[in-house]
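Asks: Got a structure for you, questions after.
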Amino acid sequence: MTGLDKQTIRDIDAHGKRVLVRVDFNVPMHDGEISDDTRIRAAVPTIEALRAQGARVVLMSHLGRPDGAVVEGLRLAPVAVHLSELIGVPVTTVRDCIGSEADSAVAALEPGDVLLLENLRFHSAEEANDPDFAASLAKLGDVYVNDAFGTAHRAHASTEGVAHLLPAVAGLLMEREISIMGGALTDPEHPFVAVVGGKKVSDKIGVLKNLIGKADHLLIGGAMANTFLRAQGYKMGLSFVEATSVSTARAILSEASHAGTVIHLPVDLVVASHLSSSVETFIVGVGMVPDNTMAFDIGPATTERYADIIRSATTVIWNGPMGVFEMEPFAAGTIGIAQALVQVNGTTIVGGGDSVAALEACGHADSVTHVSTGGGAALEFLEGIELPGVAVLRDRAGTTTH
Ligand code: ADP
Ligand code: MG
């Protein structure tokens, strides 16, 4: 799936229409303040484009996990204030996403006006994909736009149900996410290098399998590498090894060798007696992990090898940190990968919640081609799964779901 086969806001005439836009404004908040506005800024191009077309823009999003109840701290009003500053026009809000107040607020909109509905997840019907709730939302628009890549892997009323009831197209952020990541997966410029780390093989089996036969090189790090090294017969001391995934790791190694993907595993590791930011660390070769230690990062020789392979790539996809990057003694591997990534002359893509956090912590988020705004959604996309919020959008070929 490249997703280029889906219609976007460029394929519709929004002039004077009420355009119901699902955005992902699920931003981190601390004491009522937005601590990272990346997701709000990411939605601005779509909002601006619709306003320029003379649309009446009705935005909807979830925020946090209110689980079907009204939680005062999870109202979207602060987001509306911030969005208003970004786009330079007022953004009105309502106290509920459906019902008479929402109906009248939408009816009062003039072309170019922007309204942000209240947190969708104040209603449990949202996550339940309840048809009546979807119908109440659909009443608020003539056209539906999904720009919420981060929630596209969930079939909720605002991401899936409503799209059956209105002409449904992708927003510009959705288009960008799908075309860049989809392009890399279906038609990458070679050499194509994939870097996969993180904690568990079992979390990433789908991603690993989807990359085999596509990537020229697959670089494995993180705790996941421990399981692969165990599969190759190495002693891993007290390191986190997912015993139930050792046979899976073995199968992946054998599959890759037949499919033309070279899998690289660490040649050295950073070990310590326990996980702490003040613990004494040691660099050991694989096979030399002392019985009473655990591996928490790839070693410097591995980092250098991986960095060389990355720098010679034309397409790189990275998901999963190389070590416990949250602690300084175990961050070097992840930092080394981030530094190599920004030197690539080609397309570089980073997806996954912790991977993006690690890239941001290194200060390199602006230097890669694409940082996915979707954690779980990016992971499912990399697994090759068609996201329900995307599947339901109008096909470009003219065959529509309506
Ligand atoms: P993403 O969110 O990018 O998909 P994951 O959630 O799979 O990434 O993995 C990130 C987590 O893996 C981090 O919290 C990191 O501390 C942990 N991790 C990485 N390497 C190790 C290791 N060697 N031992 C224990 N935990 C690790
Ligand atoms: Mg994670």
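Asks: Can you return the aspartates and glutamates within cross-link range of Lys209? Criterion is Cα-Cα under 15 Å, with same-chain partners fewer than 8 residues away left out.
Replies: Lys209 reaches Glu255, Glu380, Glu383.
Asks: If you wrap a convex hull around the alpha carbons of segment 305-357, what volume per residue comes out, as a whole number of Å³?
Replies: Output value, Cα hull per residue: 64 Å³.
Asks: For segment 308-325, take each phi angle, set θ = phi - 60°, evaluate the Karplus expression 6.51 cos²θ - 1.76 cosθ + 1.60, and give the result in whole Hz per residue in order, putting x for glycine and proline.
Replies: Those phi angles translate into 4, 5, 5, 4, 8, 8, 10, 10, 10, 10, 10, 9, x, x, 7, x, 7, 5 Hz.
Asks: Quick one: pull the percentage of alpha-carbon pairs in segment 87-239 with a separation above 23 Å.
Replies: 57
Asks: For segment 277-288, just list the computed ³J(HN,Hα) in residue order, Karplus coefficients 6.51, -1.76 and 1.60, θ = phi - 60°, integers in Hz, with x standing in for Gly and Pro.
Replies: Calculated HN-Hα couplings, in order: 7, 10, 6, 6, 10, 9, 9, 10, x, 4, x, 10 Hz.
Asks: Asp11 versus Asp203, label points 7 Å from Cα toward the beta carbon: distance in nm?
Replies: Going by the 7 Å Cα→Cβ label model, 3.5 nm.
Asks: Taking the Cα-to-Cβ direction at Glu72 and at Met288 and moving 7 Å from each Cα, how far apart do the two end points lie in nm?
Replies: 6.1
Asks: Then there is this: Quick check: the angle from helix 201-211's long axis to the longest principal axis of the chain, C-alpha only, nearest 10 degrees?
Replies: Here the helix axis deviates by roughly 80 degrees.
Asks: Report ³J(HN,Hα) in whole Hz for each residue of segment 135-152, in order, from the Karplus equation J = 6.51 cos²θ - 1.76 cosθ + 1.60 where θ = phi - 60°; Gly and Pro get x.
Replies: Calculated HN-Hα couplings, in order: 5, 5, 5, 4, 4, 8, x, 9, 9, 10, 10, 9, 10, 9, 4, x, 10, 5 Hz.
Asks: What is segment 3-175 by shape, rounded, prolate or oblate, if you read a ≥ b ≥ c off the alpha carbon gyration tensor as root eigenvalues and call it rounded for a/c under 1.5, prolate for a/b larger than b/c, and oblate otherwise?
Replies: rounded
Asks: Return the ratio Rg/(2.2 N^0.38 Å) for segment 81-135, where Rg is computed over Cα atoms only.
Replies: That ratio works out to 1.26.
Asks: Starting at 0 and stepping by 5 Å, how many percent of the alpha carbon pairs of segment 188-383 end up in each bin?
Replies: 1, 9, 18, 22, 22, 16, 9, 3, 0
Asks: Quick one: with all protein chains in place, what share of the accessible area of segment 188-383 is carbon or sulfur, to the nearest percent (1.4 Å probe)?
Replies: 50
Asks: A further question on this structure: I'd like to compare 70-83, 225-238: which one has the highest average count of other Cβ atoms within 10 Å, and what's the full order after that?
Replies: Ranking, from highest mean packing down: 225-238, 70-83.
Asks: Suppose a student asked you for the relative contact order of the chain, using Cα pairs under 8 Å spaced at least 6 residues apart; what percent would you report?
Replies: Value for the chain: 17 percent.
Asks: Using mean Cβ contacts within 10 Å as the protection proxy, how do 5-11, 361-367 order, highest first?
Replies: 5-11, 361-367
Asks: For the chain, report the accessible area per residue in Å² (1.4 Å probe, heavy atoms, rounded to an integer).
Replies: Heavy-atom accessible area per residue stands at 39 Å².
Asks: Right, here's the next one. Mean 1/r over all different Cα pairs, inverted: what Kirkwood radius does the chain give, in Å?
Replies: It works out to 22.3 Å.
Asks: So how tilted is helix 77-87 from the main axis of the chain? Cα-based, degrees 0 to 90, rounded to 10.
Replies: Taking the Cα atoms of the chain, the angle to 77-87 is about 90 degrees.
Asks: Something else now. Tally up the carbon and sulfur contribution to the accessible surface of segment 3-175 as a whole percent, 1.4 Å probe, everything protein left in place.
Replies: The nonpolar share, carbon plus sulfur, comes to 50 percent.
The values are calculated or read from the model by the stated rules, or taken from the named source; none is laboratory data. Only a predicted model underlies this, so the values are computations on that prediction, with no experimental measurement involved. Please note: Cβ atoms are built from the backbone with ideal geometry, for glycine as well, and neighbour counts cover all protein chains shown. The protein model used for the area step is the full one, side chains on, heavy atoms only, and it has no ligands, DNA or RNA in it. Shrake-Rupley method; radii C 1.70, N 1.55, O 1.52, S 1.80 Å.
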